Amino acid sequence: MVSPILLIAVPLGLAFAIPVLGLASKRVPRYVPVIAMLFNLVVSVSLLPHALKAPIVVRTAGWAPPYSIHLVAGPLGVLLSSLIALIGLLVAVYGIDYIREGAKVKYQILYILMLVGATGVVLTGDIFNLFVFFEVLCISSYALVAYRGDSTGVEAGAKYLIQGAIGSGLVLIGIGLVYGTFGTLTMADIAANVSSVGSFRLFVSLAFLITGFGVEAAIFPLNGWLPDAHSSAPSSISAILSGIAIKAGLYAIARVVYTVYGASSILPFLAVLGIVTLLIGEMCAFGQEDIKRLLAFSSIGQMGLILFALALASATGISGAVFLIVSHGLAKALLFLASGYMIYRTGSRDISSLNGIGKRMPIMSLCFTVGAFSLIGLPPFVGFASKFTIVRAVLGTGSTFFITLLAIGLIGTVIEGAYFLRIVQGFYFKPAPEDSPEQTEGKVPFSALVPVGLLAVLILTIGLFPGIVGRVLGPAADDLLDRTAYVQHVMGD
Amino acid sequence: MRRLISLLLLLIVALGIFLCFSGASFGAEGASRAGKLTEDKVNFGRRYASRGLEENKAGNIVASVVVNYRGFDTLGEVTVLFIAAVGLAAILHARREEATPSKAEPASLIVFTGCRFLFPLILLLGAYIFIHGHLTPGGGFQGGAVVASGFLLIYLGCRGRGLRSAGVAVAESLSGLAFLAVALVGLAVGGSFLLNFLPKGSAFALFSGGVIPLIYVAIGFKVGSELGGIIDNLSGEAR
Amino acid sequence: MSFLSSYIHYIGCFSLILIGLYVVLVKPNLIKVIIGINLMGTGVNLFLVTVGYIHAGTAPIFSEAAQQPEGMVDPVPQALVLTAIVIGVAVLALALSLAIRVYDHYGTLDLRKIKALRW
Amino acid sequence: MVGTAYSVRDRLKGFLYMLGISFLVWLALTRSLEAQEVLVGAAICLVFSLLLNTHYIRLGLPPLTVKRAAFFAVYLVVLLWEIMKANLDVAYRVVHPRMPIKPGVVVIKTALTSDIAKMILANSITLTPGTFTLDVIGDRLLIHWINVKAESVEEATDLIGERFEKYLRVIFQ
């Protein structure tokens, strides 16, 4: 078995090496992210069977868990790190030819480091280390949103950075309160002691942590940065931001709420927040004319649904949430990647300019349609399986509160269906705008077709055979819910 | 209006924090824990203070914590700084291409000569700080910052004599890789990332603390070259 | 009074945090917002150091074997603050580079006037 | 600038000066004569001197002789004495009820040629309170003086610069 720490160390080393490689050859750096993510994918998948048996606890510096930082590669962590590596790999392949302007070598470095940050977030077992990797993820995404230095990118980057910096400040206050209260930073150690302290201070520190992580997770009042950042970034980065980065924030919230604090009393509040986020995201998406902004708002909506499912606190509910994380990650990455070349081809991000593109870019449009249908939740795509799991979980709880919320939430899904169908209808049944100039640079290279096609195939395959992922979902949910087992694995006795 | 809402929000936060402190004991000084300060189980910071010297043979316990016990954080921290340097260069990349070379006013002879005289000595001070990081206050980050201040001095005093960016990139890469390599050797030798695998020597000597000074030197180089690169990029001169 | 004397450090650092937050929320100038973020970061760092402080404690550095660890302050918050400071510097550098580019494009740092992107 | 050719002699001089000065600084920093510290210090100073000696070549440092070193030591004492005297002078002017000051800018001449000598002269003048070197242009020093006693270049040179320059001329010329 390979040590899970290599999932972080090897890509990090490759990223550090890029400046030197870039001096030697101009072409080499663009292949480095592909190598790094391929390595991560292979290692993550090979770790999966081990992690299913029992979480792998990796110590650093040779000291037992409470006294040093450790990684916990449980089923959830390894599943998410596989997802990160998979999407990261496909987007890296896409990026080989997609990135044409700006500091290309620096883009590749930041790209790897962003994924390293996300991997670190899902694997670490130490709350301050979680913060550090969270910052690695966030700071590289600020830089990537603005890396072209164009006016919208810079503006979006500045907004994102201001809100993100406040968020991480709040997280740090929360961590300070936790350390002052428990004298430890190991999540398992905190979880073991959490009942021994007066509850108000716990509530305050939890509120700080949730608010801080909620900025990155784009939960309702804190999502002002997301549409700008996701729409102004290059499409490959939007794919990662929507597919992975915001999920890392949500993972952090779930980990803190469930494993560390075991705080079941705030869950209904989170469920309401989730549904509000869902409705607001979908309603804003409905009115958008810009395709990337539409996709960004749709991400907010989906995050709301995931948060709602996480707040159900039942094994099925969390399985559904994790499943939705997977399916939304794949679908949203596909949509952003496909729209990237459509925008190159038409030279515009207006939805109306994409009319009739089904004839000009048949493969891209088909893949986009697959992604959109999956996102709406149409069978036989993976989105259906995940949303169905969530509905089943809500019905399983039998509580009127959750069922009412779900009913409200379904309105959001209907809206989602409406606008995606409108776009798809435009692709195939509307004539192309007369004056649209035929951009020659929009020729889709092979390196872009492969990841987009693969994502579409994956969405279809997992949708037809949900068992591929389904085997991991149950243990992943337990990983989050079963605090005593988590503490036992980490602390040893 | 905006002002009012913000004040209200802050008031709520302040109230929450106030209530949070008015409860039970808090922090290292917390009354209920004061009697148990020496117990390891209670607070792992205490354990480091009481056992760190014996375990790592490094006089500076903070250095032990930063490089050994919580060395993984430090790796992330170095990465964050690396991201900032790279991201800053990427964002200002277009600006550099647009900018026309401006004629820098040469500094006065006093400043110019003084810079030339002091620059190597500032680098020496930086090197002293990061080499002695495990014995005295300071360490890789502080030493690196001092080194970068030397580059800032050169930028201020000897205009138009910036860093050679290729050299900075190589120093940045190699020092980062050296940190990782030391950590990975620990994994290969003892099965644990960042393991302090070298003989630890006797405390308070220069050669003590195992890998701690090695890593601190690598961090010093990395931080120095990164901050130097940031200064170089922010100076905004077209090359 | 005893509350004030034992919590004066906390009052100080949280005042700094709240002032920073207020600046970020209210001021329209990007540079002032960045200053606000930094004020808040400083407050948070002070808070972390304060968490590990014990009355009349010394720095956790041994310079001779005879020293006793009991009087030393907690070394962990200091290590955390080191990390937090470096992260703060990174964010600051990036924020300033963004401010430079924003000024290049819009000719102003007033966030109310920069509105290429709206909902 | 790197391309400029220096003679071997110049290079050696710059290298040795830097080695000496940096090693002295190292010893002052560590305040220890343990073998490990001294060896590491020597190695670092050697590397620095090899890499950065161009910085010192252009300073125009003179060859080191016993006489020069002795004069430098004397110079330090003189400088200290002058600083003390000048401090008292300024304190007197500040405390005096009528504040007998007459601020103005004067120009003085110097016969020194090397950069480092001019810098030391300028900094010595700045260190003594009441006078402040604004700039050095060629062989002229622009000085702000709190109590201008003489306005002609020669007299001002005698009053301000000469007390330092006579030593510096021996050391650097």
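The values are calculated or read from the model by the stated rules, or taken from the named source; none is laboratory data. All of these numbers come straight from a predicted model, not from anything done at the bench. Reconstructed Cβ throughout: ideal geometry from the backbone, glycine too, with neighbour counts over all protein chains shown.
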Quick check on region A:132-152: of everything there that is in contact with a Phe, Trp or Tyr (Cβ under 7 Å, 6 or more places away or on another chain) and closer than 16 Å to A:Val215 by Cβ, which residue is farthest from the other protein chains (Cβ to nearest Cβ)?
A:Val145
Assuming A:Ser348 fulfils every condition listed in (1) farther than 14 Å from A:Gly214 by Cα; (2) buried (at least 24 other Cβ atoms within 10 Å of the Cβ) apart from one, which condition is it?
(2)
If you check C:Thr58 against the conditions, is it farther than 30 Å from B:Ala85 by Cα, more than 10 Å from chain B (Cβ to nearest Cβ) and β-branched (Val, Ile, Thr)?
yes
How many residues does region B:195-239 hold that are assigned to a helix (DSSP H, G or I) and either closer than 20 Å to C:Ile61 by Cα or within 17 Å of the chain's Cα centre (by Cα) (or both)?
20
What pairs come up if the first residue lies in region D:157-172 and is touching a residue at least 24 places away in the same chain (Cβ under 8 Å), the second is among the small types (Gly, Ala, Ser) and crowded, with 16+ Cβ neighbours inside 10 Å, and their beta carbons are under 6 Å apart, counting only those six or more places apart or on different chains?
D:Phe164/D:Ser124; D:Leu168/D:Ala117; D:Phe172/D:Ser114; D:Phe172/D:Ala117
Suppose we keep only residues that are within 14 Å of another protein chain (Cβ to nearest Cβ) and more than 18 Å from A:Ile87 (Cβ to Cβ) within region A:27-43. Which one would you say is surrounded by the fewest Cβ atoms within 10 Å (Cβ to Cβ)?
A:Val28
Scan region A:87-130 for residues that are β-branched (Val, Ile, Thr), touching a Phe, Trp or Tyr at 6+ places or on another chain (Cβ under 9 Å) and under 27 Å from B:Thr74 (Cβ atoms) and report the count.
7
Taking the options D:Val77, D:Val107, D:Val90, name whichever one is exposed (fewer than 12 other Cβ atoms within 10 Å of the Cβ) and either farther than 30 Å from B:Gly150 by Cβ or within 14 Å of chain B (Cβ to nearest Cβ) (or both).
D:Val77
Breaking point among (1) assigned to a helix (DSSP H, G or I); (2) touching a His at 6+ places or on another chain (Cβ under 8 Å), for A:Gly149
(1)
Which members of region C:10-39 meet the condition of being free of Cβ contacts under 8 Å to residues at least 40 places away in the same chain and more than 15 Å from B:Ile17 (Cα to Cα)?
C:Gly20, C:Tyr22, C:Val23, C:Val24, C:Leu25, C:Val26, C:Lys27, C:Lys32, C:Ile35, C:Gly36, C:Leu39
Of the residues in region B:161-194 that are in a helix (DSSP H, G or I) and out of contact with any helix residue (DSSP H, G or I) (no Cβ under 9 Å at 6 or more places or on another chain), the one that is surrounded by the most Cβ atoms within 10 Å (Cβ to Cβ) is B:Gly186
Every pair of residues 6+ apart whose Cβ atoms lie under 8 Å, when the first sits in region A:28-54 and is more than 23 Å from A:Gly474 (Cβ to Cβ) while the second is polar (S, T, N, Q)
A:Pro29/A:Gln108; A:Arg30/A:Gln108; A:Val32/A:Gln108; A:Pro33/A:Gln108; A:Asn40/A:Ser81; A:Asn40/A:Thr119
Could you tell me how many of the residues in region A:251-292 are outside any helix (DSSP H, G or I) and at negative phi?
8
Being more than 30 Å from B:Leu4 (Cα to Cα), of a type in the set (Ser, Thr, Tyr) and free of Cβ contacts under 8 Å to residues at least 12 places away in the same chain, is that true of even one residue in region C:50-67?
yes
Please verify whether region A:180-199 includes one or more residues that are among the acidic types (Asp, Glu), part of a helix (DSSP H, G or I), modelled with pLDDT under 95 and over 30 Å from A:Ile109 (Cα atoms).
yes
Scan the helices (runs of 4 or more DSSP H) fully inside region D:1-108 and keep the ones with 2 or more residues being in contact with a helix residue (DSSP H, G or I) (Cβ under 9 Å, 6 or more places away or on another chain), aromatic (Phe, Trp, Tyr) and at pLDDT 85 or above.
D:8-30, D:66-95
Can you pull out every residue in region D:29-43 that is farther than 18 Å from B:Phe130 by Cβ and among the hydrophobic types (A, V, I, L, M, F, W, C)?
D:Leu33, D:Ala35, D:Val38
Pull out all pairs, ordered by first then second residue, where Cβ-Cβ is under 8 Å, the residues are six or more apart or on different chains, the first lies in region D:116-143 and is without any contact (Cβ under 8 Å) to a residue 60 or more places away in the chain and under 20 Å from D:Gly104 (Cβ atoms), and the second is in a strand (DSSP E or B) and of a type in the set (Ser, Thr, Tyr).
D:Ala122/D:Thr133; D:Ile125/D:Thr131; D:Ile125/D:Thr133; D:Thr126/D:Thr133; D:Leu141/D:Thr133; D:Leu142/D:Thr133; D:Ile143/D:Thr131; D:Ile143/D:Thr133
Tell me, yes or no, whether region A:238-253 has at least one residue that is over 20 Å from A:Val326 (Cβ atoms), touching a helix residue (DSSP H, G or I) at 6+ places or on another chain (Cβ under 8 Å) and touching a residue at least 40 places away in the same chain (Cβ under 8 Å).
no
Flag for A:Pro66 being within 14 Å of another protein chain (Cβ to nearest Cβ), assigned to a helix (DSSP H, G or I), touching a residue at least 24 places away in the same chain (Cβ under 8 Å) and within 22 Å of A:Ile190 (Cβ to Cβ):
yes
Taking A:Ile275, is it over 19 Å from A:Gly329 (Cα atoms) and buried (at least 24 other Cβ atoms within 10 Å of the Cβ)?
yes
Might you check whether a residue that is touching a helix residue (DSSP H, G or I) at 6+ places or on another chain (Cβ under 7 Å), modelled with pLDDT under 95, under 25 Å from A:Val326 (Cα atoms) and within 14 Å of another protein chain (Cβ to nearest Cβ) occurs anywhere in region A:13-26?
no
